[in-house]
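First comes the structure, then the notes that go with it.
Every number here is computed from the coordinates shown, using simple stated rules; none is lab data. Because the structure is predicted, anything quoted here is derived from the model rather than measured. Cβ atoms come from the backbone with ideal geometry, glycine included; neighbour counts cover every protein chain shown.
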Number of protein chains: 2
Amino acid sequence: MKISSRVDYALSCVLRIADKYESRKPVTAVEISRQEKIKPDYIEQLLLLLKKRKILKSFRGRSGGYVLSACPEDISVFSVVKAIENEILKPVCFREKGRRKKCVHFDDCKIISLWIGLKENMEKYLKRKNIEELLLLRRKEKNWRENRRIR
Amino acid sequence: MKISSRVDYALSCVLRIADKYESRKPVTAVEISRQEKIKPDYIEQLLLLLKKRKILKSFRGRSGGYVLSACPEDISVFSVVKAIENEILKPVCFREKGRRKKCVHFDDCKIISLWIGLKENMEKYLKRKNIEELLLLRRKEKNWRENRRIR
DNA sequence: TAAAACCCGATAAATTTTGTCAAGTATTAT
DNA sequence: ATAATACTTGACAAAATTTATCGGGTTTTA
């Protein structure tokens, strides 16, 4: 199991836009594209999903682009993941395949409840993490490196 | 993201074998195959992995089969998942692709630490769950259904 | 009014997962 | 002994999913 690259990229995009949150200047897809080395068309897909879920707002026209629709602290990692994937983990019963509609041992199969629990656990974790937190981590490390360089 | 069917099936297998833990009778791949409607060859692959990780022991020959190598309570769901998948979640940095060996923004990219945290969280959850627990859930429900039927 | 940016959907390419098959070796009940 | 039963291994084809690309729009503003 892997985190999909789309989710990972989406998070990068949000972070790039969050970097400019103070200045309130919209960030364009092309700008992010240059920074992240991803084609703008591909980024666009992600930004649109993020916008649909109200994580981003966009301004059109010549000096347009995307901005956060809330402050970094109020945007959870979960909401970003959810915007892209909808379900971070799909609890599927693999015995429902074929012509059968229900799991062979539907009544006494408790495995799916395990995956549902796992999913809830993951969601709880991701809800605790927010964009601000990731931003701070980056900045702290950056400062640390810059201080090191000076000496 | 989905739990792979292999993990799900492996867990079913372990549960089927655990059902017979008291009687100490080995359970054969064909037996499980009939119960779970999966081809025996496919099940074999999973059983072998489980055996390699010491979750199962096997007896060869005419009246052979598989048994648990520990009591159901001492087998965590995590160990089963680990036997099949090795890593429940691979924390990958998607910016390492292409000719570049390292992430474009290696130093200031903290996203991967997020996935590492998520992975640890998932593992913790799965370590708490054991086979006995799943077994009890099944049996409880079964009894409940049977009591209902009698009245 | 042209440039810059957003918007949308279809589809091709790559990767991963899933499942099948074949050809063995080892063990034991009879 | 030996046939039946079960375990062992590896290669590979089919299916599903993910990833990425592309083309053709519309809207807005310097």
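Under 5 Å from the amide H of residue B:2 lie the amide H atoms of A:90, each residue being 5 or more positions distant or on a separate chain, with H modelled from the backbone and absent for Pro and chain starts. In this structure, the amide hydrogen of residue B:130, modeled 1.01 Å from its nitrogen in the peptide plane, lies closer than 5 angstrom to those of B:77, counting only residues at least 5 positions away or on a different chain. Other protein chain C-beta atoms within 10 Å of residue C-beta, averaged over B:16-25: 0.
Each part gets one Cα centre, and for region B:51-88 versus region A:1-65 those centres are 46 Å apart.
Take each residue in A:117-126, count the other chain C-beta atoms within 10 Å of its C-beta, and the mean is 5. Remark: the Cα gyration tensor places region B:11-64 in the rounded category, a/c being less than 1.5. Phi-derived couplings, Karplus 6.51 cos²θ - 1.76 cosθ + 1.60 at θ = phi - 60°, listed residue by residue for region A:21-30: 4, 4, 6, 6, 8, x, 9, 8, 4, 5 Hz, with x used for Gly and Pro.
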